[in-house]
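Accompanying notes for the structure given below.
The values are calculated or read from the model by the stated rules, or taken from the named source; none is laboratory data. Bear in mind the structure is a predicted one, so any value in this text is a computation, not a measurement. Cβ placement follows ideal geometry from the backbone for every residue including glycine, while neighbour counts extend to all protein chains displayed.
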Amino acid sequence: AELTGIKWRRYNFGGHGDCGPIISAPAQDDPILLSFIRCLQANLLCVWRRDVKPDCKELWIFWWGDEPNLVGVIHHELQ
């Protein structure tokens, strides 16, 4: 697979020591999971994962070429 030119951005929760809410049900209340859902709806290649800190999550977005417009996709509390 050709990976030359792939770009990415990592987001985490900027409110509580870079961790999102510990209990986040439903997913729409979790900034990482909500942004992940929005990315999928916008056909963006993305993944979320747990960080090394307990109860922390990260959102990774990948693209080729020009950076996608993420306005309205990424939750305002993520950085």
Item to check | Among residues of segment 54-70, those that are loosely packed, with under 12 Cβ neighbours inside 10 Å, under 23 Å from Asp29 (Cβ atoms) and either in contact (Cβ under 8 Å) with a residue 60 or more places away in the chain or among the basic types (Lys, Arg) (or both), counted | outcome: 0
Next on the checklist: Exactly one of these conditions fails for Arg9: (1) modelled with pLDDT of 95 or more; (2) buried (at least 16 other Cβ atoms within 10 Å of the Cβ); (3) among the basic types (Lys, Arg). Give me its number.
Outcome noted: (2)
Checklist entry - Out of (1) assigned to a loop (DSSP other than H, G, I, E, B); (2) at pLDDT 90 or above; (3) of a type in the set (A, V, I, L, M, F, W, C), the odd one out for Leu3 is which? => result (2)
